[in-house]
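This report concerns only the one structure given below.
The values are calculated or read from the model by the stated rules, or taken from the named source; none is laboratory data. Every value quoted in this text rests on a predicted model; they were computed, and no experiment measured them. So basically every Cβ, Gly included, is an ideal-geometry build from the backbone, and we count neighbours across all protein chains shown. The protein model used for the area step is the full one, side chains on, heavy atoms only, and it has no ligands, DNA or RNA in it. Shrake-Rupley method; radii C 1.70, N 1.55, O 1.52, S 1.80 Å.
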Amino acid sequence: MEPLQQPINFLFSLVSYVWQVLTFLLAIINIKVLPFAWHFRIAYGYFGHYYFHRRPLLSSPASLPMLFQPTVYTTSNPPGECDYNMHKSNSTYLTDLDVARGYHLYTLCRQGFDAYIASTKAENKGLFYPALGGVTCTFKKEIKPWKQYEVWTRVLSWDEKWLYLVSHFVRSGAVKPAVYSDRPWEQTKQRGTPRKSGVRVDDTKAKQEKEKDAGQPNIYATALSKFVFKQGRRSVRPEDFLRVSGLLSTPCEHQGSTNVFTPCEVCDGVDADLDGIIERRRLDGLVVASHMAGLDGASAYFSGHEDIALAWY
């Protein structure tokens, strides 16, 4: 047996080495779904966007106020997120939404959080934070393994309690913004193609990809989320927070605290025009958001006094 001992040991060592390499490679290609990977992605967005990107928000055109501008989060679909059909599993859309919504709120409201906390510090009303109140997602097209995609998130609307966000899972590169208003340097860094007179000069590879994907649906899924801003146990009206954040203009002395979106006859100007545009977009979005708000009525279909159930697992 001694002559065979050395080859057997070598074989076991080789199998062990190969197994370790395969395990390492499997972990690398599925790093997105490793334990605590979600926590790291959330923490990275929070500290990266809220603490280190402290520059002030820039002005935006009236045609698309910064309040409604989207943020773009890019990711991909590793095999660990696929179901038995080898498509992105439905449940994993929610983890991507957590990260994309966080990036959006940290970017858009990074000044607003500090401003609101400072404005209410003397009242000592408790910790201020946004709380997720609900998510609904509609699936349009499957996302295949290794496929890269983007999650476009923006403010849809708000009411007396909720701030509504809409997120679109979009084919990567399907839409290329001409400008990133908060990060102007991203045009070249992210897309990698030069511009002339504000027009992108597509290279051959980009044109080939565009022709290859022509006619294919760009939206994989659409999700609506609603947030409530809390300070201690008290809910903060989204409009109040957005005004303190500088994303909405402050009512002038002639308007008082009501009907602030109606242009003031005394000091009508750019701010009044911008407020009118924002209010029209808010009302348009509220038509869709109201359907999500109506889902609260579904709670009535659980009575809590069921005598018969189909099965218990």
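The figures follow:
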read-out	value
Theoretical gain in end-to-end length, I42 to A174 [0.36 nm per residue, Cα-Cα removed]	45.0 nm
Cβ-placed point charges (K, R +1; D, E -1), dipole of the stretch 125-166 about Cα centre in debye, nearest 20	160
Surrounding net charge for G126, when Lys and Arg each add one and Asp and Glu each subtract one, Cβ distance under 15 Å	+4
Cα-based shape type of the stretch 111-153, given that a ≥ b ≥ c are square roots of the gyration tensor eigenvalues and the cut on a/c is 1.5	prolate
Per residue accessible area of the stretch 49-114, 1.4 Å probe, in Å²	43
Overall form of the stretch 54-111 per C-alpha gyration tensor (a/c, 1.5; a/b vs b/c)	prolate
Mean Cβ count within 10 Å, highest first, over the residues of peptides 70-76, 136-142, 90-96	70-76, 90-96, 136-142
Heavy-atom accessible area ranking, 1.4 Å probe, most first, across R243, R281	R281, R243
Extreme residue, positive dipole direction of the stretch 1-122, given options P70, N90, Q20 (C-beta unit charges)	P70
Potential lengthening between S181 and I28 on full extension [0.36 nm per residue; Cα-Cα distance subtracted]	51.7 nm
Candidate residues H168, H39: accessible-area rank, largest first, probe 1.4 Å	H39, H168
Sulfur and carbon atoms: percent of accessible area, the stretch 83-143 [1.4 Å]	54
For the stretch 81-156, size of Cβ-based charge dipole, Lys and Arg +1, Asp and Glu -1, in debye	180
Formal net charge of residues neighbouring C82 (Cβ-Cβ distance under 13 Å; K, R +1; D, E -1)	+1
Cα gyration tensor shape of the stretch 1-146, rounded if a/c is under 1.5, else prolate or oblate by comparing a/b with b/c	prolate
